[in-house]
Amino acid sequence: MSRRIYSVLAWAVLAVLAVYFLFPIYMAIVNSFKSEGEVYNSVLGLPSALKFDNYTEAFKKANMLRSGWNTVIVTVTGIVGIVACSSLAGYKLSRTRSRLSSWIFMLFVASMLIPFQTIMVTLTKMARDLGLQGSPLGLGVVCAGLGVNMAIFLYHGFVKGIPRELDESASMDGCGEWKGFFLIIFPLLLPITFTIVVLNLLWLWNDFLLPVLLLNDYRQYTLVLTINMFFGKYSRDWALILASLILSSIPIVLIFAFFQRWIIQGITEGAVKG
């Protein structure tokens with residue numbers, strides 16, 4: 001009886017949490033099909049008629065093709081840089097047994113504890129001096145540098161679960177360290193790589209603070225910055241804002257749903273191994 005009561009309470013708590021997290025999504029979807037007047041008059045009510053024109057108008061006004069392409073450049077550049085650098089660094093730091101290797105790894109882990117707000121002024125100045133400010137490609141490079149610490153931490157823990165005998169066998173077969181890594185080790189890192197890719201995809205696609213600091217021209221704006229332009233000083237068309245937010249979220253939701261199993265597996269194994 002006590003186990004049954006515990007199960008009922010657990011499901012009740014989960015149901016309340018599900019409603020709590022899904023209610024804003026429901027509100028965004030419902031209000032995106034309303035007219036501007038309906039949004040202000042009845043936020044919680046259903047639309048009197050589905051206004052699909054909101055999505056067409058939001059797609060045109062937000063120039064989703066251009067801003068979406070800018071977002072893709074930032075996201076792909078950042079993810080490629082993070083995976084390429086952190087996989088090599090995590091592997092090398094995990095396989096090297098020395099005090100220097102341990103100290104370098106601890107520095108990467110410690111940098112995860114530093115709030116971004118404490119370094120954003122210095123980072124903006126460095127990006128300007130290096131010529132990385134004012135372009136989606138430069139923004140992607142900066143994002144790659146900021147994202148390697150967490151990725152190195154996850155790769156480092158995952159590599160510890162891979163036997164060292166594989167490295168020795170590859171060396172005996174004539175594979176150098178680089179060739180052995182890319183042909184033997186990296187394919188075994190695919191679960192944690194999927195995790196790192198999706199987690200950073202969510203961050204880079206939806207990030208607002210870094211783009212607003214480093215992008216100056218509206219033609220280089222990402223989706224989030226373009227949608228922010230709907231917020232005027234004296235007026236806000238919530239129907240268009242919500243429609244554009246839903247359009248920009250669809251690719252991320254689909255990718256996250258597809259890779260969800262690998263995300264959970266990669267986080268669990270990367271955190272537990274070693």
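Being in the same structural domain as Val109 (by TED's automatic domain parsing), within 27 Å of the chain's Cα centre (by Cα) and in a loop (DSSP other than H, G, I, E, B): is that true of Leu132 here? Answer is yes for this residue.
Can you confirm whether Phe52 is under 30 Å from Asn149 (Cβ atoms), exposed (fewer than 14 other Cβ atoms within 10 Å of the Cβ) and not assigned by TED's automatic domain parsing to the domain that holds Val148?
Working: under 30 Å from Asn149 (Cβ atoms): no; exposed (fewer than 14 other Cβ atoms within 10 Å of the Cβ): yes; not assigned by TED's automatic domain parsing to the domain that holds Val148: yes.
It is false that Phe52 is under 30 Å from Asn149 (Cβ atoms), exposed (fewer than 14 other Cβ atoms within 10 Å of the Cβ) and not assigned by TED's automatic domain parsing to the domain that holds Val148.
Taken over the range 199-249, the criterion of being closer than 27 Å to Phe153 by Cα and of a type in the set (Phe, Trp, Tyr) is satisfied by Trp203, Trp205, Phe208.
Given the criteria assigned to a helix (DSSP H, G or I) and over 12 Å from Ser86 (Cβ atoms), does Ala151 qualify? Give the steps one after another, and end with the answer.
Working: assigned to a helix (DSSP H, G or I): yes; over 12 Å from Ser86 (Cβ atoms): no.
No, not satisfied.
Checked against (1) surrounded by fewer than 14 Cβ atoms within 10 Å (Cβ to Cβ); (2) modelled with pLDDT of 85 or more, Phe186 passes all but a single condition, namely (1). Here Leu240 clears all of (1) open to solvent by less than 50 Å² (accessible area, probe 1.4 Å); (2) within 30 Å of Thr96 (Cβ to Cβ); (3) not assigned by TED's automatic domain parsing to the domain that holds Gly147 except the condition numbered (2).
Residues in the range 86-111 that are surrounded by 17 or more Cβ atoms within 10 Å (Cβ to Cβ) and either over 18 Å from Phe181 (Cβ atoms) or of a type in the set (Phe, Trp, Tyr) (or both): Tyr91, Phe105, Phe108.
In the range 180-241, counting only helices (runs of 4 or more DSSP H) that sit wholly within it, the ones holding 3 or more residues that are touching a residue at least 60 places away in the same chain (Cβ under 8 Å) and more than 20 Å from Ala62 (Cβ to Cβ) span 190-206. Among helices (runs of 4 or more DSSP H) entirely within the range 23-111, having at least 2 residues that are within 27 Å of the chain's Cα centre (by Cα) and touching a residue at least 24 places away in the same chain (Cβ under 8 Å) singles out 53-61, 64-95, 99-111.
All conditions but one from (1) of a type in the set (A, V, I, L, M, F, W, C); (2) crowded, with 19+ Cβ neighbours inside 10 Å; (3) modelled with pLDDT of 85 or more apply to Leu202; the one that does not is (2).
Can you find, within the range 112-125, the residue that is most open to solvent (accessible area, probe 1.4 Å) among those that are among the β-branched types (Val, Ile, Thr) and not in a helix (DSSP H, G or I)?
Residues of the range 112-125 that are among the β-branched types (Val, Ile, Thr), as a first pass: 114, 118-119, 121-122, 124.
Of the ones still in play, those that are also not in a helix (DSSP H, G or I) are 114, 119.
Details: Ile114: 92, Ile119: 63 Å².
Among those residues, the one meeting the criterion is Ile114.
For Val39, the conditions (1) modelled with pLDDT of 85 or more; (2) open to solvent by less than 80 Å² (accessible area, probe 1.4 Å) are fulfilled apart from (1).
The values are calculated or read from the model by the stated rules, or taken from the named source; none is laboratory data. Predicted model only: the values in this text are computed from it and were never measured. Backbone-built Cβ (ideal geometry, glycine too); neighbour counts: all protein chains shown. Heads up: the accessible areas ignore ligands, DNA and RNA and are worked out on the full protein's heavy atoms, side chains in. Shrake-Rupley method; radii C 1.70, N 1.55, O 1.52, S 1.80 Å.
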